[in-house]
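S.K.: Please read through the structure below; I'll follow up with questions.
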Amino acid sequence: MSTENSATAATGIAVAESAALAQGAAPIPLTPKATRGGTVLAALGVTAFSLTFPATAWGLEGFGPRSLVTVRSVLAAVIAGSCLLALRVPVPERRHRAGLAVVGAGVVLGFPLLTTLALETATTAHSAVVVGLLPLTTALFSALRTGARPSRGFWIAACAGAAAVIAFTVQQSGGTLTTADLYLFGALLICAAGYTEGGRLARVMPGWQVIAWALVMCLPLAVPGAAVALSHEPVHLTGHAVAGLLWVAVGSQFAGLVVWYRGMAVIGIPKASQLQLAQPLLTLVWSVFLLGEDLSPAAPLTAAAVLVCIAVTQRSRG
C-alpha cells in the first residue's frame, strides 16, 4: 500500500473512531495494541510532513509564497468543513476555542507561511533544521503547558537526537545564518506551540476535529488573504505547481495532521514528537528523488543515530 493510501486509510479509521466517540462510545483503552496503533498513526503523520518542503518547492514554481499558503489553507478548510458538515459535528465548546486559535495561528497559517518564505532562498536540506528542532521544542512546550514530566533518559535521548539532526542539517548548509534562518526559528516556536495545544485538545476531542475546526476558524483570514495574494503575485500553473499545492493542502495540511494528532492523543505528546526526529532525513530522501538534490554521505550515519534515539525515547517512561 502506498504512503498516500495508508494515510487515507488511517484517516478513515480516525474519523470512524471520532464518530463513535461523538455517539457516546467509550474511548479505546491504552493497551499495547492501541499504543502500537498510535505510533503508526503518528509515523504516518511524520511521513506526510516529510513531503511538505519538497511539495512547497514545487508549489513555488507556479505560485508566490503568500498565494501558496493562503490557497492551501482555503482548500484544506473546504475539505475539513465538508467533513464536519457531513458528520454533523457540533461546534466546539467555548472553552476549547482559544486552544483551537493557537493551533490555527501556529500550524495552519504561521508555520506554512514562515517556512514557505524561507524556502524562497534556502534549500530543503537547510530548512529541514527546523524540523530537527521541533521534537525537542514540542516536548519543552508540552512540559510547560501540560505539566508532563518525561524521564531523564527520555530527555538525554531527545537532546542527542536533536543534536545529531542539527549537526547534519547545519553541515549541509555550510553553517551560515541568513534571513531564512529567522523565518525558520519563528516557525519552530509557533509550530511547537500549535502541536502542543493540538495534542492537548486531542485528548478531549477527536484529533481530526482539532485540525478541522482550526482550519475552518482560519477561513475569515485565508479567503481575503488568498484574494489579495493572487492579485499581486503572478501564477503559472504547471504540473509541479498544482501537484505541490494539492499535497500541501490535502496531505500536509489536513490528512497528515489528522493522523498526527490522533497518534499524539494515544501515545502522548513528548513521545510522538520524537518520531519527528526522522522527518529531516525523510525530507532529504524525497528531495533527492523529487528535486534532484545531492544527498550527503553523512545521511546514513545520521539516520542510524536518529533511529537509536527514537527507540530509546519510545521505551522510556515519563
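The values are calculated or read from the model by the stated rules, or taken from the named source; none is laboratory data. Keep in mind the model is a prediction, meaning the values are calculated, not measured. Heads up, the Cβs are rebuilt from the backbone with ideal geometry, glycines too, and the neighbour counts pull from every protein chain shown. For the accessible areas, the whole protein counts, side chains as well, though only heavy atoms, and no ligand, DNA or RNA atoms are used. Shrake-Rupley method; radii C 1.70, N 1.55, O 1.52, S 1.80 Å.
S.K.: Give me the percent relative contact order of the chain, please, defined on Cα pairs under 8 angstrom at least 6 residues apart.
M.R.: Dividing the mean separation by the residue count of the chain yields 39 percent.
S.K.: Taking the radius of gyration and the Kirkwood hydrodynamic radius from Cα positions alone, what is the Rg/Rh ratio for the chain, to two decimal places?
M.R.: Details: Rg = 18.4 Å, Rh = 19.4 Å.
Radius of gyration relative to Kirkwood radius: 0.95.
S.K.: Expressed as a whole percent, how much of the Cα-Cα distance distribution for segment 166-222 exceeds 15 Å?
M.R.: Details: 1039 of 1596 pairs.
Considering segment 166-222, 65 percent of its Cα-Cα pairs are separated by more than 15 Å.
S.K.: OK, next. Which of the three applies to segment 55-185, rounded, prolate or oblate, going by the alpha-carbon gyration tensor with a ≥ b ≥ c and a/c under 1.5 meaning rounded? Spell out each step's value before the answer.
M.R.: Numbers: a/c = 2.68, a/b = 1.17, b/c = 2.29.
Cα axes put segment 55-185 in the oblate bin.
S.K.: For Gln172, what charge total do you get from the other residues with a beta carbon under 11 Å from its beta carbon, if Lys and Arg give +1 and Asp and Glu give -1? Could the numbers behind the result be given before it?
M.R.: Numbers: positive: none; negative: Glu293, Asp294.
Result for the local shell: -2.
S.K.: Ok, one more. Of Leu68, Thr52, Phe111, whose Cα points farthest to the positive end of the dipole of segment 49-157 (charges on the beta-carbon: +1 Lys, Arg; -1 Asp, Glu; origin at the Cα centre)?
M.R.: Working it through, the farthest residue towards the positive pole turns out to be Phe111.
S.K.: Tell me the per residue accessible area of segment 77-158 using a 1.4 Å probe; a whole number in Å² is fine. Working shown, then result.
M.R.: Values: 3790 Å² over 82 residues.
Accessible surface, normalised per residue, equals 46 Å².
S.K.: On to the next question. Would you tally the net charge around Ser287, using a Cβ to Cβ cut-off of less than 11 Å, leaving Ser287 out, and scoring K and R as +1, D and E as -1? Before the final figure, lay out the partial values.
M.R.: Numbers: positive: none; negative: Glu293, Asp294.
Computed value for this residue: -2.
S.K.: Roll a 1.4 angstrom probe over the protein heavy atoms and tell me the percent of accessible area of the chain that is carbon or sulfur. Show your work: numbers first, answer last.
M.R.: Working: 9530 of 13900 Å².
Summing carbon and sulfur atoms, their accessible area is 69 percent of the total for the chain.
S.K.: Starting from the amide H of Phe63, placed 1.01 Å from N in the peptide plane, find each other amide H under 5 Å away whose residue is 5 or more places distant or on another chain.
M.R.: Those qualifying (amide H under 5 Å, at least 5 residues apart or on another chain) are His236.
S.K.: Now for a different question. For n ≥ 4 DSSP H runs only, could you compute -39500 (n - 2.57) per run for the chain, divide by its residues and tell me the 222 nm figure to the nearest 500? It would help to have the intermediate numbers written out before the result.
M.R.: Details: 16 runs with 232 residues, N = 318.
Only helices count here, giving -23500 deg cm²/dmol.
S.K.: Could you give me the ³J(HN,Hα) list for segment 90-95, computed from phi with Karplus coefficients 6.51, -1.76, 1.60 and θ = phi - 60°, whole Hz, x at Gly and Pro?
M.R.: x, 5, x, 5, 4, 5
S.K.: Working from the alpha-carbon coordinates of segment 112-249, get Rg over Rh, Rh being the Kirkwood radius.
M.R.: 1.02
S.K.: Now for a different question. Please provide three numbers in whole Å: the alpha-carbon extents of segment 212-286 along the principal axes, with the largest listed first.
M.R.: Over segment 212-286, Cα extents along the principal axes are 44, 33, 15 Å.
S.K.: Quick check for me: using +1 on Lys/Arg Cβ and -1 on Asp/Glu Cβ, what's the dipole size of the chain about its Cα centre, in debye to the nearest 20?
M.R.: On the way: 17 positive and 10 negative charges, 281 e Å.
It works out to roughly 1340 debye.
S.K.: Write down the accessible area per residue of segment 224-287 in Å², having rolled a 1.4 Å probe over the full set of protein chains.
M.R.: Details: 2060 Å² over 64 residues.
Spelled out: the 1.4 Å probe surface of segment 224-287, per residue, equals 32 Å².
S.K.: Among Thr124, Ala86, Gly268, pick out the residue whose Cα is farthest towards the positive end of the charge dipole of the chain, where Lys and Arg carry +1 and Asp and Glu carry -1 on C-beta, about the Cα centre.
M.R.: Of Thr124, Ala86, Gly268, it is Gly268.
S.K.: Radius of gyration and Dmax for segment 175-318's Cα atoms, expressed in Å?
M.R.: Cα only, segment 175-318: 18.0, 52 Å (Rg, Dmax).
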